[in-house]
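Worksheet: one structure, shown below.
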Amino acid sequence: MNPELKHTPLQEIYGDYPKAKLIDFGGWELPVDYGDGIIPEHTAVRNAAGLFDVSHMGEGFVEGKDATRFLSWMTTNHIGQMADGQCMYTLMCYENGTVVDDLMIYRRDAEHYLVVFNAANIEKDVAWLGDHLKGFDCMLANRSSEYGQLALQGPKAVDVLSRLVPDCGAITHFTFREQVCVGSVVALVSRTGYTGEDGFELYCASSELVTLWKTLLDAGKDAGLVPCGLGCRDTLRLEAKLPLYGHEISDSITPLEANLGVFVDFEKGDFCGRTALCAQKDEGVPRSLRGVEMIDGGVPRAGYKVFAGETEIGYVTSGTKSPTLDAFVAYVLVKRDTGLKFGDFVFIDIHGQKRKAVLVKTPFFKRTTL
């Protein structure tokens with residue numbers, strides 16, 4: 001264990017996986033994989049089920065009479081339309097329209113919300129929200145250290161969880177249930193995830209996370225459930241076109257440029273960043289997130305320059321070899337005035353050599369039964 005890094009409550013079980021590859025992920029010591037490699041774990045999630053420790057994510061509680069109004073001002077999606085027990089994906093923007101973070105918001109009732117932050121942004125998000133509380137009758141509590149979070153993902157996720165929670169199938173997509181007994185552990189269970197597959201995210205007290213992990217793995221051992229690390233979490237989310245902060249969205253990229261306009265509700269009323277986003281929409285969004293598949297050899301890494309002929313038009317936000325497609329793919333943020341269409345070629349500068357890629361439709365993978 002690296003004492004200089006943060007650790008999730010699951011750290012104590014890493015010794016059970018002597019071949020696990022641990023890395024520094026935004027100041028957290030977390031496994032890339034548990035010993036068999038990224039591809040077997042990725043394949044397990046696509047074909048059966050995988051269990052992820054995502055306890056590095058942050059949990060904040062916004063509570064009070066103005067909780068709904070406050071979150072509606074701070075985020076792009078229509079929080080006011082949420083029903084009790086509903087989850088919603090949304091973005092939090094700066095005044096200039098770029099992204100502070102993307103969030104999952106859970107409405108317990110009109111005065112009580114759970115807000116889930118990306119791990120690297122917890123302190124920044126809490127500070128940003130805290131700086132805007134003035135004038136709203138509500139409060140924010142950062143309780144990230146009190147909770148652990150696991151993600152059970154894959155086409156057999158319902159089968160696995162139903163062995164412990166028989167009616168879990170009644171939890172519909174983007175809804176949640178509190179005080180669910182999962183074996184001996186009481187958890188909040190939501191039908192959400194970050195893999196492009198069906199599944200659940202489970203929140204429990206930090207002190208009970210190890211028990212929950214072992215309980216789920218034991219329940220799913222004959223269904224193909226395997227522990228999964230950060231490596232396949234990234235390949236899975238990339239195939240499914242799920243954004244990663246610092247790559248597809250950031251403090252220099254707006255939701256409209258990232259093709260996330262569906263999560264920006266201009267009709268709900270004013271919100272932080274609306275004026276800038278309206279101006280960008282009216283004047284024309286300057287850049288667009290596109291998908292490419294490599295024709296020439298080479299791995300398209302984040303930050304590599306993208307060219308149309310000899311003209312630089314953008315850069316790679318994320319790239320990898322897709323285990324599902326058995327092809328090298330990437331997302332590129334490029335100028336919109338290029339006139340490029342699906343099937344056109346671009347070139348990616350890989351170690352000083354321009355490698356050919358073709359523009360393709362995204363997401364690279366979509367489970368049609370979800």
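For the criterion of being more than 25 Å from Leu256 (Cβ to Cβ), in contact (Cβ under 8 Å) with a residue 12 or more places away in the chain and either surrounded by fewer than 20 Cβ atoms within 10 Å (Cβ to Cβ) or among the β-branched types (Val, Ile, Thr) (or both), Asp296 passes.
Scanning region 90-114 for residues that are within 14 Å of the chain's Cα centre (by Cα) and either closer than 13 Å to Glu59 by Cα or of a type in the set (Asp, Glu) (or both) yields a count of 5. Is it the case, given these coordinates, that Lys214 is outside any loop (DSSP other than H, G, I, E, B) and among the charged types (D, E, K, R)? Here the answer is yes, as Lys214 does meet what is asked. Taking the conditions exactly as written (assigned to a loop (DSSP other than H, G, I, E, B), at negative phi and under 19 Å from the mean Cα position of the chain (by Cα)), does His42 satisfy them or not? No. Here Leu103 fulfils each of the conditions (1) in contact (Cβ under 8 Å) with a residue 40 or more places away in the chain; (2) in contact with a helix residue (DSSP H, G or I) (Cβ under 8 Å, 6 or more places away or on another chain) apart from (1).
Could you identify the single residue in Asp125, Asp198, Asp109, Asp159 that is surrounded by fewer than 16 Cβ atoms within 10 Å (Cβ to Cβ) and either out of contact with any strand residue (DSSP E or B) (no Cβ under 7 Å at 6 or more places or on another chain) or not assigned by TED's automatic domain parsing to the domain that holds Val226 (or both)? Explain how you work it out, then say what you get.
Numbers: Asp125 fails: surrounded by fewer than 16 Cβ atoms within 10 Å (Cβ to Cβ); Asp198 fails: surrounded by fewer than 16 Cβ atoms within 10 Å (Cβ to Cβ); Asp159 fails: surrounded by fewer than 16 Cβ atoms within 10 Å (Cβ to Cβ).
Criteria check complete, one pass: Asp109.
If the condition is being more than 21 Å from Ile122 (Cβ to Cβ), assigned to a loop (DSSP other than H, G, I, E, B) and aliphatic (A, V, I, L, M), then region 243-268 contributes Leu256, Ala258, Leu260, Val264.
Scanning region 90-109 for residues that are touching a Lys or Arg at 6+ places or on another chain (Cβ under 9 Å) and charged (D, E, K, R) gives a single hit, Asp101.
Confirm whether Phe271 is part of a loop (DSSP other than H, G, I, E, B), under 22 Å from Met92 (Cβ atoms), in contact (Cβ under 8 Å) with a residue 60 or more places away in the chain and not charged (D, E, K, R). So Phe271 fits the description; yes.
Being in a loop (DSSP other than H, G, I, E, B), under 29 Å from the mean Cα position of the chain (by Cα) and surrounded by fewer than 17 Cβ atoms within 10 Å (Cβ to Cβ) is the filter here, so list the residues in region 339-364 that pass it.
Quick first cut of region 339-364, residues in a loop (DSSP other than H, G, I, E, B) only: 339-344, 351-352, 361-364.
Restricting the remaining residues to those that are under 29 Å from the mean Cα position of the chain (by Cα) gives 340-343, 361-364.
Hits for region 339-364 are Lys341, Phe342, Gly343, Lys361, Pro363.
The values are calculated or read from the model by the stated rules, or taken from the named source; none is laboratory data. All values reported here derive from a predicted model rather than from experimental measurement. We place every Cβ from the backbone using ideal geometry, glycine too, and count neighbours over all the protein chains shown.
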